[in-house]
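Before any comments, here is the structure.
The values are calculated or read from the model by the stated rules, or taken from the named source; none is laboratory data. No experiment lies behind these values; they were computed from the predicted model shown. Here the Cβ is made from the backbone with ideal geometry for all residues, glycine too, and neighbour counts use every protein chain on show. Side chains are part of the model used for accessible areas, which takes the heavy atoms of the whole protein and leaves out ligands, DNA and RNA. Shrake-Rupley method; radii C 1.70, N 1.55, O 1.52, S 1.80 Å.
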Amino acid sequence: MSEEGPSDRESLFTRITSRNLSKRGSRKSSDTPTDMGGSGDEKESSQGRFHRRLSRLGSRGSLRDPPRPPPQQAQPPPPAQPTPPAPAQPPAPVQPPPSAPTLAPACRFITPVQKLPAPAPKPLELPPKPPEITLKPRLPPKPLTRVFSSTEHGSTILQGFELFRSDESLCDVILVPGDSSDTFPVHRVIMASASDYFKAMFTGGMREQEMKEIKLHGVSKTGLKNIIEFIYTSRLRLNMANLQDTLEAANFLQMLPVLGFCNELLSTEITVDNCVEVERIAGDLLLEDVQAHIGQFVCQNLSALLQSGRYLHLCESSLANALASDSLQGFSEMELYRIARSWIDHEPTTRLSAAYSLMRHIRFPLMTPTELLQISQEDEECEDNVGNLMRTEAACVNLLLEASNYQMMPYFQPSLQTERTRIRSDATRLLALGGVMRQQLVVSKELRLYDEESGHWKALKPMEVPRYQHGVALIGGFLYIVGGQSTYDTKGKTAVDSAYRYDPRFDRWLQVASLNEKRTFFHLSALKGKLYAVGGRNTSGETDSVECYNLRKNEWTFVKPMIEPHYGHAGTVHGDLMYVSGGITKDTFQKELLCYDPDKDTWCRRADMMELRGLHCMCTVGDRLYVMGGNHFRGSSDYDDVLSCEFYSPETDQWTVVAAMPRGQSDVGVAVFKNRIYVVGGYSWNSRCMVDIVQRYDPEKDEWDRVFNVLEPLGGIRACTMTVHLPEGAVDDGQMQECPLDTSKD
């Protein structure tokens, strides 16, 4: 056997290596194409192997998490947009790399470049949470801006200014009063800041702006001193000795606060001794507030001024205001005429021209015919023009003629009311009149008023005859009482037709024309200067007739009747129309609302109430027509209180429910006083008794309350509000004038 040399061994190694590489290349070409696009039989170059390695490394890296961007500062998220959720997709399967070929046993000693076995695929992991961004520690929040003020700072500044003035330090102008040569060093800026007068002087380009010393003509030394002290100290000492000088200086220098102080002192320090002087000051400086207080003082103290004689020195306006006042009490019109006449006669040459301005406030129509004749006769006896001014002055003569004509038409007087015919009183009160005490079967004829100030009932002159279930109405300040019953009867068999008028100026009654038809349980309204009596019942039963009272003629006439007979209804007036609600027709309670137009003499129907009711009350407050209380059938034969209340709007023709009454009241008196509704007395069907309560309704708050009581429980009572003279003393309980049962015809 021949030995092989090194060259033979090297050639053998070369052949074996080439054959293995060729096989490996053929196997690889059968699996995947080459990166360079060549066929599998071609020998693979080193550059191709390099590219495949890079490709495998890249595919491995794609399985790893992508690099995270650097952390960014948090920004407010954009507004959320509703987007449909993306469909979930399964993760892509991981392909294992191809296994590397193994060498033949003959070449174990050769270590060619081989591929490393691929590692097992790692399970997918969620990306880790980004690390929390550590923010810099925040600085403590800055405190909110606060505004501080000192109540002492202003006074401290003023004290400093006053110290400079007293030392004459930094003063740049000297003021000199008009009535003396005294000087007052001051600071321009201080005076200009406190007074519009000095502001215009020192900043308006006037020649005083450059002057070192300024003479103030028209300002006294006392007045200027007080004004300067007030500007530098905000304090002012006033008394009646220095008031006029200070007031004149404040008015001249336009110091409004000082003017206010002077007005207050003058108004509160008026006396009988100084009222004439205060009046003169107020007139000279046109102090309207002080003049008004002077007028009130003269009205309240006229008796003392008469005794002292100082009324003769009052000015014309003060005396005229007192004579025109409704609150002037304790004097008859004849006495007031004497006062005015004495004032004119005190200085006839200068005051005669003021005769009519005084006399027109004397209420001559309220004098008696004898007093008017006496005035006329006294003027006839005087020979000079001053003495007979009531006969020579045409305007004064007309005043006497007006009074005579007024007294010649007693029934028409409510339609002739003027400022000279109205009552001289400002006491408007709630009145209650008549009624029946069912237990005693007694009918009352009392006329009483309730005095809120004292909390007591006071008696006026009683009616001529007892009444209940009657109608009441007011025209021109006069009270009319019409129809009703004078004796107790539940069927209306004792209805009457008489009518009376109460005159509060003289506290007396006057009988007027009677109705054409007796009636009770009816309604009475005052409309356009006339009275209207609507429906009711009498011995003939229910009636639908309507009567109208003419004051000038003093007579009743029939007008258009109701659509059907009614009794126990209620009514009120709004505008120029009369409204009638509810009531009973043929033993059936109604809830209809009727409207009467006096100009057309027609009835029409409006929207029905929400509740059936009769023997209720109705009144007007503003543009609302309220109905309250009453009763209706409960079942077939029993009665029940109606507690619900409602109001009607004529504009919309609709009813609205309001707060219910706390306690039922039927057959009551109703009145509007100070924009509140008072329901007086009556009968409670739930309690089966007469009641003495007075319930009050406030339309603004929609609330009820119980305010006071009448002296006796009375049904069929009536109420109203009117201006009267307040009587002396109060009515004690049980002081009712009783009328025993009387079946005689009224």
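Measuring between alpha carbons in the structure, the pairs from Lys518/Lys600; Lys445/Lys674; Lys461/Lys674; Lys586/Lys674 lying more than 31 angstrom apart are Lys586/Lys674.
At an R0 of 60 angstrom, the distance between the Cβ atoms of Asn274 and Thr145 translates into a FRET efficiency of 0.60.
The count of lysine pairs in segment 138-274 with alpha-carbon distances below 19 Å, taking only pairs 8 or more places apart or on different chains, stands at 6. The packing ranking of peptides 571-581, 296-306, highest mean first, is 571-581, 296-306, where packing means the average number of other beta carbon atoms within 10 angstrom of each residue.
Take Asp489, project a point 7 Å from its Cα along the Cβ direction, then tell me which residues of segment 540-583 have their backbone nitrogen under 14 Å from it. The answer is 540-542, whose backbone nitrogens lie closer than 14 Å to the label point.
Asp587 sits with roughly 110 Å² accessible to a 1.4 Å probe, with DNA, RNA and ligands left out of the calculation. Summing Lys and Arg as +1 and Asp and Glu as -1 over all other residues whose Cβ lies under 13 Å from the Cβ of Glu402 gives a net charge of +2.
Between segment 386-440 and segment 500-530, the alpha-carbon centres lie 17 Å apart.
Phi angles across segment 534-539 convert, under the Karplus curve 6.51 cos²θ - 1.76 cosθ + 1.60 with θ = phi - 60°, into 3J(HN,Hα) values of 10, x, x, 8, 7, 4 Hz, Gly and Pro given as x. Taking each residue as 0.36 nm, the span from Met409 to Thr539 lengthens on full extension beyond its C-alpha to C-alpha distance by 43.3 nm.
In this rough spin-label picture, where each label sits 7 Å from Cα along the Cβ direction, the Lys701-Asn686 distance is 2.1 nm.
Across segment 152-264 the C-alpha pair distances fall into 10 Å bins from zero in the proportions 14, 48, 34, 4 percent.
Between the beta carbons of Thr656 and Ala513, assuming R0 = 45 Å, the FRET efficiency works out to 0.65 to the nearest 0.05. Per-residue surface analysis assigns His217 an accessible area of about 130 Å², computed on protein heavy atoms at 1.4 Å probe radius. Less than 10 Å Cβ to Cβ from Val534, Lys/Arg counted +1 and Asp/Glu -1: what total charge do the surrounding residues give? Surrounding charge for Val534 is -1. Accessible surface of segment 638-716, 1.4 Å probe: 43 percent of it comes from carbon and sulfur atoms. Treating r as the C-beta distance of Met240 and Glu316 and R0 as 30 Å, the FRET efficiency rounds to 0.75. Dimensions of segment 533-655 based on its C-alpha atoms, expressed as ranges along the principal axes with the largest first, amount to 47, 38, 20 Å. Computed from label points 7 Å out along Cα-Cβ, the spacing between Leu170 and Asp640 is 8.6 nm.
Accessible surface for Glu380 stands near 110 Å², nearest 10, in the context of the full protein assembly shown (1.4 Å probe).
One equal scatterer on each Cα of segment 266-362, no solvent, Debye formula: the resulting log10 I(q)/I(0) at q = 0.11, 0.12, 0.19, 0.23 Å⁻¹ is -0.28, -0.34, -0.88, -1.29.
Sorted largest first, the spans of the alpha carbon positions of segment 346-442 along the three principal axes are 70, 25, 22 Å.
The distance from the alpha carbon centre of segment 267-297 to that of segment 693-729 is 40 Å, rounded to a whole number. Taking packing as the residue-averaged number of other Cβ atoms within 10 angstrom, the listed peptides 229-240, 478-489 run from highest to lowest as 478-489, 229-240.
Can you give me the Rg/Rh ratio for segment 528-578, using Cα atoms for both radii and the Kirkwood formula for Rh? With Rh from the inverse mean 1/r over Cα pairs, Rg/Rh is 0.99. Near the amide H of Ile475, within less than 5 Å, lie the amide hydrogens of Tyr480, all on another chain or at least 5 residues away, with H placed in the peptide plane. Here the extension length gained between Ser308 and Arg351 equals 13.4 nm, from 0.36 nm per residue of separation less the Cα-Cα distance.
Can you pull the percent of segment 477-587's accessible area that's carbon plus sulfur, 1.4 Å probe, other chains left in place? Ligands and nucleic acids excluded, carbon and sulfur give 45 percent.
With the simple model of a label 7 Å out from the Cα in the direction of the Cβ, Thr183 to Asp608 spans 9.7 nm. Counted residue by residue at 0.36 nm each, then reduced by the alpha carbon distance between them, the extension gain from Lys215 to Asp289 reaches 23.5 nm.
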